[in-house]
1. Among the residues of region 314-329, what is the count of those that are without any contact (Cβ under 8 Å) to a residue 12 or more places away in the chain and assigned to a helix (DSSP H, G or I)?
2. Sort out which residues of region 46-67 are modelled with pLDDT of 95 or more, among the small types (Gly, Ala, Ser) and either under 19 Å from Cys79 (Cα atoms) or not assigned by TED's automatic domain parsing to the domain that holds Ile24 (or both), and write them in order of number.
3. Take the conditions hydroxyl-bearing (Ser, Thr, Tyr) and surrounded by fewer than 18 Cβ atoms within 10 Å (Cβ to Cβ) and apply them to Ser87. Does it pass?
4. Go through the residues of region 115-126 one by one and say whether even a single one is over 25 Å from Pro38 (Cα atoms) and in contact (Cβ under 8 Å) with a residue 12 or more places away in the chain.
5. What's the number of the condition Lys138 fails, among (1) free of Cβ contacts under 8 Å to residues at least 60 places away in the same chain; (2) under 30 Å from Ala114 (Cβ atoms); (3) surrounded by 20 or more Cβ atoms within 10 Å (Cβ to Cβ)?
6. Got a number for residues in region 205-245 being part of a loop (DSSP other than H, G, I, E, B) and not hydrophobic (A, V, I, L, M, F, W, C)?
7. Which helices (runs of 4 or more DSSP H) does region 4-120 wholly contain that include 2 or more residues that are in contact with a helix residue (DSSP H, G or I) (Cβ under 9 Å, 6 or more places away or on another chain) and within 27 Å of Leu228 (Cβ to Cβ)?
8. Taking the condition at pLDDT 90 or above and either in the same structural domain as Leu194 (by TED's automatic domain parsing) or charged (D, E, K, R) (or both), does Glu232 pass?
Amino acid sequence: MNTSLPAGPTGLLASVTGPDEAEIALAGGADIIDLKDPAKGALGAVAPDVLVATLARIAGRRPVSAVAGDLPMEPDAVCAAVALRRSADHVKIGLFPASAADRRAVVAALSQEAARTSLIAVFFADGDPDFSLLADLKAAGFSGAMIDTMNKGSGGLLKHLPTAEIAAFVESCRTFDLISGLAGSLEPPDVPRLAVLRPHYLGFRGALTTGGRAGPIDPLAVAAMRALIDAEQDRRVAPDNAPTDRIFVRDMVVEMEIGAYGFERGQRQSVRFTVEGDVVRTASRDDRMVSVYSYDIIMDAVRRLVARGHTDLVETLAEDLAEMLLADPRLRRVLVRVEKLQLGPAAVGIEIRRPDAGSRL
């Protein structure tokens, strides 16, 4: 049994239907081989003999996970399905819509299985996810948790949950020492936005196939996703004199709670953010996500700061945003402007440049 986590900050989970697709995913660089039957639902389970054949083909070269199936939140049914898949390195159990009591009963009932099998709970972004259950998962001995989507035709993960909430989920998993995973109709542009949160893995099916989720795994698509994840994690520092390009997000207006005065508490104001940054120029000249720094990272960083709650000072927002963005060495310098729009003049605020010494911004 191979239960090791990806060696790097974020690994690639490839969902496959059997041993042949598993071999293709492995050759393309997948870190985790995930068995499921897309025709049977979000967590449609493959037959036990398919699991046995896939484990034999992979032969310990990578961890193999198996889904327990689209099951009601009934302890006996879920425990029986998990028991049939104990030979897998990880077994994934969906926490489908149900009462909190029913979900907790399933988690508690699986504690004995968790003592002998690595269990991964799956929350559904479009299925009333209750992340307070992370504490219950830890207490029951689960190995990890992930977020997915139930309805693959209703949009991907980022349509259903804001990045701030996803980031909080990943951080909570880290706090509870749980493996964290993110999936749900993910596409290449989602990778830079989610990899920056440092989950243990990102999961894919449709983005790795030809003809939709039910189509066959495409080796070129697997290799391209592998390259994209690797590029997002390649944080080697370029030489100081490396050429840079300008990336910007201008006039992003959000509603948030801000202000040091009493009358500013408990109400939301319009705040405008502008960010310009010098990003190390890529050596490649092609039309792939792997070649660029995504401006979505900047917008997501703003949203994560806003989601923290009330902030007294625009200066704090500007400094925190600059620090967050400059953690990525691809970004050499940033200009951050934060403006409050409802205090009389057209705008009041602050503009900072970091690092400011010798900045060309």
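The values are calculated or read from the model by the stated rules, or taken from the named source; none is laboratory data. Predicted model only: the values in this text are computed from it and were never measured. No Cβ is skipped: glycine too gets one built from the backbone with ideal geometry, and neighbour counts run over all protein chains shown.
1. 1
2. Ser65, Ala66
3. When the stated conditions are applied, Ser87 passes them.
4. yes
5. For Lys138, the failing item is (3).
6. In the first step, residues of region 205-245 are kept if they are part of a loop (DSSP other than H, G, I, E, B); the result is 205, 210-216, 218, 234-243.
Imposing the further condition that a residue be not hydrophobic (A, V, I, L, M, F, W, C) reduces the set to 205, 210-213, 215-216, 218, 234-236, 239-241, 243.
So the answer is 15.
7. Result: 19-28, 48-58.
8. no
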